[in-house]
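**Student:** Would you mind keeping the following structure in view while I ask a few things?
The values are calculated or read from the model by the stated rules, or taken from the named source; none is laboratory data. These figures come from a predicted structure and were not determined experimentally. Note that each Cβ is placed from the backbone with ideal geometry, even for glycine, and that neighbours are counted across all protein chains shown.
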């Protein structure tokens, strides 16, 4: 063990929490069989570490220490509850009895698998589709209810109710904590891929906060995508959309270093230094895309990856094949007619045919009503007004976007755009 100051311990624990709390929680849910008990115990274990480690020293392997401590904190909690419910004491005795040396020795090996098991538990077919995604984002990835609500364009209270109901369903139905067999995998896969994609999106463009990206979430989503891809043997059992999703994430992530300035300001695609794009990720993403496109049955993730690949392989915005991008969006809309996809297509139309054509498309999307509170829709509309020289309308739309966004770099960007219009 190594000794450190309280402030150093706090910084270490903050880092451990950011990087490892999802894996630790997943393991605790497997060991304890209770979402809420596991979360409470994990927080108590981190608090205990902050209290003990400055004097006792940091363990050589902090994660197993936190898991072990959390487990015993949970047992203590159950024993306190046993004063009112005798069954809780029974559970506590069972948990204590099964915690032997063999179990301890394999905890570190289980950490990597536990998150995948937890995802498939949260995405079980008996849960409502919207509950699967909400629960996984909350319990596996540690997103707040507010962040998930933002991703779903709904209210935090609605999301909280979904999560509570999903936990109760898992508990009452005794849904198994396991990765499904190859025979069961297809009917479980779509929900899992959707979750991974939403995790990546939150990391790629955070719903709120001081930073544009959350690298730990994009890295986790890519890691989970690789794990899921390994579940399917090649070539017969390979699923094109797993490759398509992984390709999409790698191609998008390749631009991360160029998306903000050294001081954290947002940089749009047209102004990014493309020499900062990660060519290794682009090469891997394109290779996966080509493989997915050769297969039959690919879907929306592969088409989105194809769009990302056109951007990745272009030397500049001016040299981008916008006609091909519009054609890919046309095909994507046929299988995924969402207003966000329509908005993205409108941007491509503006780049191909000019801002007037793009504005017509954006107005049509906004008239549908679903994106009325989506800041990017108003920001896109404002940019098209700006490019047309319609300053008053551009300012009004930028101000609407500013009210709706909760990410600080985006707020600064919009404020600067408004300032430039004066």
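Yes/no matrix, rows are residues, columns are (1) under 30 Å from residue 376 (Cβ atoms); (2) exposed (fewer than 13 other Cβ atoms within 10 Å of the Cβ); (3) at pLDDT below 80; (4) within 20 Å of the chain's Cα centre (by Cα):
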{"position": "169", "(1), (2), (3), (4)": "no, no, no, no"}
{"position": "172", "(1), (2), (3), (4)": "no, yes, no, no"}
{"position": "182", "(1), (2), (3), (4)": "no, yes, yes, no"}
{"position": "221", "(1), (2), (3), (4)": "yes, no, no, yes"}
{"position": "237", "(1), (2), (3), (4)": "no, yes, yes, no"}
{"position": "251", "(1), (2), (3), (4)": "yes, no, no, yes"}
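**Student:** Here's something else I'd like to know. If a residue counts only when it is modelled with pLDDT of 85 or more and farther than 21 Å from residue 223 by Cβ, which helices (runs of 4 or more DSSP H) contained entirely in segment 1-110 have at least 1 such residues?
**Tutor:** Working: elements: 6-32, 35-56, 62-81, 86-97, 101-105.
So the answer is 6-32, 35-56, 62-81.
**Student:** Here is a list: 323, 390. Which entry is free of Cβ contacts under 8 Å to residues at least 60 places away in the same chain, exposed (fewer than 15 other Cβ atoms within 10 Å of the Cβ) and either under 28 Å from residue 241 (Cβ atoms) or out of contact with any strand residue (DSSP E or B) (no Cβ under 8 Å at 6 or more places or on another chain) (or both)?
**Tutor:** On the way: 390 fails: exposed (fewer than 15 other Cβ atoms within 10 Å of the Cβ).
So the residue among 323, 390 that is free of Cβ contacts under 8 Å to residues at least 60 places away in the same chain, exposed (fewer than 15 other Cβ atoms within 10 Å of the Cβ) and either under 28 Å from residue 241 (Cβ atoms) or out of contact with any strand residue (DSSP E or B) (no Cβ under 8 Å at 6 or more places or on another chain) (or both) is 323.
**Student:** Return the pair list, or none, for Cβ contacts closer than 7 Å from residues in segment 291-316 that are on the phi > 0 side of the Ramachandran plot and touching a residue at least 24 places away in the same chain (Cβ under 8 Å) to residues that are surrounded by 15 or more Cβ atoms within 10 Å (Cβ to Cβ) and assigned to a helix (DSSP H, G or I), at least 6 apart or on different chains.
**Tutor:** 297/240
Listed here are the residues, each with its yes/no results for (1) under 27 Å from residue 278 (Cα atoms); (2) assigned to a helix (DSSP H, G or I).
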residue	(1), (2)
317	yes, no
344	yes, yes
350	no, yes
371	no, no
377	no, yes
381	no, yes
386	no, yes
395	no, yes
413	yes, yes
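**Student:** Still on this structure: Restricted to segment 262-276, and to residues that are out of contact with any helix residue (DSSP H, G or I) (no Cβ under 6 Å at 6 or more places or on another chain) and at pLDDT 90 or above, which residue is surrounded by the fewest Cβ atoms within 10 Å (Cβ to Cβ)?
**Tutor:** Checking each candidate, the answer is 275.
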